[in-house]
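Asker: This structure is in structure tokens; I'll ask about it shortly.
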Amino acid sequence: MSTVTVNISFQDALLRDIDRVARDEARSRSELLREAAREYIRRRERWTGIFATGQALAREKGLQPEDVAAEIAAFRAATRRRA
């Protein structure tokens, strides 16, 4: 797999945090940033799938946004009563 070098700008405080975490984990700044990018992409793809599933279910059941809000409110109220 080939690699490409890129230039990226960070505020000083963020770069210090990146360097601190990389040092604490005994890895390079590049390794830490690659892992952060992979994790962000993985999480974004997961949430995209979750929202797509939710939208498909809502369409299938004919739900509108206000229906979802009412269901959430009812669930929260029921949970408070049990607590």
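The values are calculated or read from the model by the stated rules, or taken from the named source; none is laboratory data. None of these values were measured; they are calculated from a predicted model. Using ideal geometry, Cβ is built from the backbone for each residue, glycine included, and neighbour counts are taken over all protein chains shown.
Asker: With respect to the numbered conditions (1) in a helix (DSSP H, G or I); (2) surrounded by 11 or more Cβ atoms within 10 Å (Cβ to Cβ); (3) over 22 Å from the mean Cα position of the chain (by Cα); (4) at pLDDT below 95, which one is the sole condition not fulfilled by residue 23?
Answerer: Here residue 23 clears every test but (4).
Asker: Looking only at the range 65-75, which residues are surrounded by 10 or more Cβ atoms within 10 Å (Cβ to Cβ) and of a type outside the set (A, V, I, L, M)?
Answerer: Passing the criteria: 67, 71, 75.
Asker: Suppose we filter the range 29-63 for residues that are β-branched (Val, Ile, Thr) and over 30 Å from residue 5 (Cβ atoms); how many remain?
Answerer: Total meeting the criteria: 2.
Asker: Something else about it: Under 19 Å from the mean Cα position of the chain (by Cα), part of a helix (DSSP H, G or I), surrounded by 10 or more Cβ atoms within 10 Å (Cβ to Cβ) and in contact (Cβ under 8 Å) with a residue 12 or more places away in the chain - does that describe any residue in the range 26-33?
Answerer: yes
Asker: Taking the options 81, 59, 38, name whichever one is surrounded by 10 or more Cβ atoms within 10 Å (Cβ to Cβ), in a helix (DSSP H, G or I) and among the charged types (D, E, K, R). I'd like the intermediate steps shown before the answer.
Answerer: Numbers: 81 fails: surrounded by 10 or more Cβ atoms within 10 Å (Cβ to Cβ); 59 fails: surrounded by 10 or more Cβ atoms within 10 Å (Cβ to Cβ).
Going through 81, 59, 38 in turn, just one is surrounded by 10 or more Cβ atoms within 10 Å (Cβ to Cβ), in a helix (DSSP H, G or I) and among the charged types (D, E, K, R): 38.
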